[in-house]
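Worksheet for the structure shown next.
The values are calculated or read from the model by the stated rules, or taken from the named source; none is laboratory data. Because the structure is predicted, anything quoted here is derived from the model rather than measured. Cβ atoms come from the backbone with ideal geometry, glycine included; neighbour counts cover every protein chain shown. Each accessible area value is taken on the protein alone, full model and side chains, heavy atoms only, with ligands, DNA and RNA left out. Shrake-Rupley method; radii C 1.70, N 1.55, O 1.52, S 1.80 Å.
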Amino acid sequence: MPVFSTDLSVRDCDGHVVVTLLGELDVVDAAAVTAALMAAADREPRIVVDLAGLEFIDVSGVAALMRARKHARGAGGDLLLAAPRPRLLRLLSIPSLAYDFSVHASAEEAAVSGFRDSLGVAPLPVAPRVLGQAS
């Protein structure tokens, strides 16, 4: 039986899904996390991934998030990131990597402001940044 280092929980919210990741997301769990996020997007394409409890992520974990985001966008939604730890935020902010995630201070903030584009109010940010925190 494989040992998983990532715990994942999914909860339906008002018009979106919040997926919470805990532990470490690396090559061991990347495929399973991708599959779970894609299954969530098939149910509801507007996804917030809460990263507050994610202690580590490697390039395969970031690739899993990117594949799931592409799937969600293909289904008419998006995948937003919430509450990443400082090390992950630095990784997502490297311009030459062009991850292009919308990153928010909390899952609640992501749901409130991140999905406004679907209502025609404001576009999603195109560069990774934490919204709702002072610069």
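Key figures for this structure:
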{"item": "Inter-residue pairs, beta-carbon under 8 Å, first at negative phi and in region 47-62, second aromatic (Phe, Trp, Tyr), 6+ apart", "result": "Val62/Tyr99"}
{"item": "Test result for Arg129, open to solvent by 70 Å² or more (accessible area, probe 1.4 Å) and at pLDDT 80 or above", "result": "no"}
{"item": "Any helices (runs of 4 or more DSSP H) falling wholly within region 3-105 and containing at least 2 residues that are under 11 Å from the mean Cα position of the chain (by Cα) and under 15 Å from Phe115 (Cα atoms)", "result": "59-74"}
{"item": "Selection within region 23-41 - open to solvent by 50 Å² or more (accessible area, probe 1.4 Å) and more than 16 Å from Asp58 (Cβ to Cβ)", "result": "Ala35, Met38, Ala39"}
